[in-house]
1. In segment A:92-129, which residues become less accessible by 50 Å² or more once every protein chain is in place, relative to the chain on its own, using a 1.4 Å probe?
2. Provide the gained length on full extension for the span A:ASP109 to A:ASN3, in nm with one decimal, where the gain is 0.36 nm per separating residue minus the Cα-Cα distance.
3. Say a paramagnetic label sat at a point 7 Å from the Cα of A:GLU57, along Cα to Cβ; which residues of segment A:1-26 have their backbone N under 20 Å from it?
4. Taking accessible area as the heavy-atom solvent-accessible surface of the protein chains with a 1.4 Å probe, which residues of segment B:64-107 lose no less than 20 Å² upon going from the isolated chain to the full protein assembly?
5. Averaging sequence separations of C-alpha pairs under 8 Å and six or more residues apart, then dividing by the length of chain B, give the relative contact order as a whole percent.
6. Each residue of segment A:15-23 in turn: what ³J(HN,Hα) in whole Hz from Karplus with 6.51, -1.76, 1.60 and θ = phi - 60°, glycine and Pro shown as x?
7. Calculate one ³J(HN,Hα) per residue across segment A:114-129 by plugging θ = phi - 60° into the Karplus curve 6.51 cos²θ - 1.76 cosθ + 1.60, and present them in order as whole Hz with x for glycine and proline.
8. Per residue, how large is the accessible surface of chain B? Use a 1.4 angstrom probe and give square angstrom.
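The values are calculated or read from the model by the stated rules, or taken from the named source; none is laboratory data. Keep in mind it's a predicted model, so treat the numbers as computed, not measured. Backbone-built Cβ (ideal geometry, glycine too); neighbour counts: all protein chains shown. Only protein heavy atoms, including side chains, enter the accessible area calculation; ligands, DNA and RNA are left aside. Shrake-Rupley method; radii C 1.70, N 1.55, O 1.52, S 1.80 Å.
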Amino acid sequence: MSNIPANLRYTESHEWVLDNGDGTVTLGITDHAQEALGDVVFVELPEVGRSLDAGEEFGVIESVKAASDLYAPLAGEVIEANEALEDAPETVNEAPYEGGWIAKLKLADAAALEGLLDAEAYAKLADAE
Amino acid sequence: MTPACSLERDSQTLHRPSVAEGLALEEALLESICHGEGDFGLVAWSPQDRALVMPRRHERLEGFPEARAALAAQGWPIQFRSTGGTPVPQCPAVINVALALRCRVTGSAAHLEWGYRRLGMPWCDWLSELGVTAPNLGEAPGAYCDGRFNVRIGERKLVGTAQRWRRVRGCRDMAMLAHGAMQVGETPETLVGVVNAFQAAIGDPERFSPASHIALGQLLPEARVEAALPGLLARLAEDA
């Protein structure tokens, strides 16, 4: 059973979003997603300063099984990328909700957070797969 | 001795692009699914030229520029692909088949494995039909770019496989590109030697073994592979 923290929001494409409470969010891929991908060997990070639309492709995550695009859960500007993943991409597997975070965004519209899935809805989606 | 496996020219089935053009064909196939232009696509190609193809992340390795120059000097320029894995040689002795599908699922483990079986099982059936004994899916310890879903003969790798997943624009559906590269001609020593040359040039001590690979020409020296290729494509298209 995957770990799905109740304090986070989620997308149907298996990203998690943490509301930092100051108009910014931290995001990464869920425990379910990292389990699915297998050992992560590379994360292509977004450039700081890049503006993203909701649903826009912003990077690539590559595992021993497959390469898959990463999508912005919400519109905003990239204010930080987790450069530690360049040397230790396996952190995405080991701690997907902590050290395995991928980027931080300054939201274009903080209210859009409400449109994401809560933990209960995401758990149902993950179970259905 | 180089196996005398046949690769006829001028086929409507098998494209004969450069490596760069072949990789672009696959990318275009995936993009067409992403743009909703279809739910299914297949492309088969065998390059006219040679290259050592790897994910772009290798570009970040220390010593990469020197390794790139060294391989180019040996006639194996480095090119990049969008699927994962590690370096794989592309040359006229290799046939590539890429299968692209629109999937009403996400890229979870079950679906990744489904994707590999969706490509690999028809490939095994086709090989059996050609007369190859007991093709199967699995790891090939000692092979370059090894994975759980190679098409193997015994434990020797004949077809390497990889996947790329991307979202179909404007909806939740996903587009999957599953790719297989089958060594038809040349000997495993030749292609493994190219990968090991890169390993040496980049300063990575891992070396791969020709004994972990096999070419179709070693199994079926008289086979007219290109003439049989429509059978593989038809099998891959059956469930589309």
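1. At a threshold of 50 Å² (probe 1.4 Å), the residues of segment A:92-129 that become less exposed are A:GLU129.
2. On the way: separation 106, 0.36 × 106 = 38.16 nm, distance 2.78 nm.
Going from the current span to full extension adds 35.4 nm.
3. Under cut-off, by backbone N: A:11-16.
4. Listed in order, they are B:GLY84, B:THR106.
5. Details: 506 pairs, mean separation 62.4, N = 240.
With pairs under 8 Å counted, the relative contact order is 26 percent.
6. Result, ordered by residue: 9, 10, 9, 9, 6, 7, x, 10, x Hz.
7. Per-residue couplings from phi come out as 5, x, 7, 6, 8, 4, 5, 5, 5, 4, 5, 5, 5, 5, 5, 8 Hz.
8. 40 Å²
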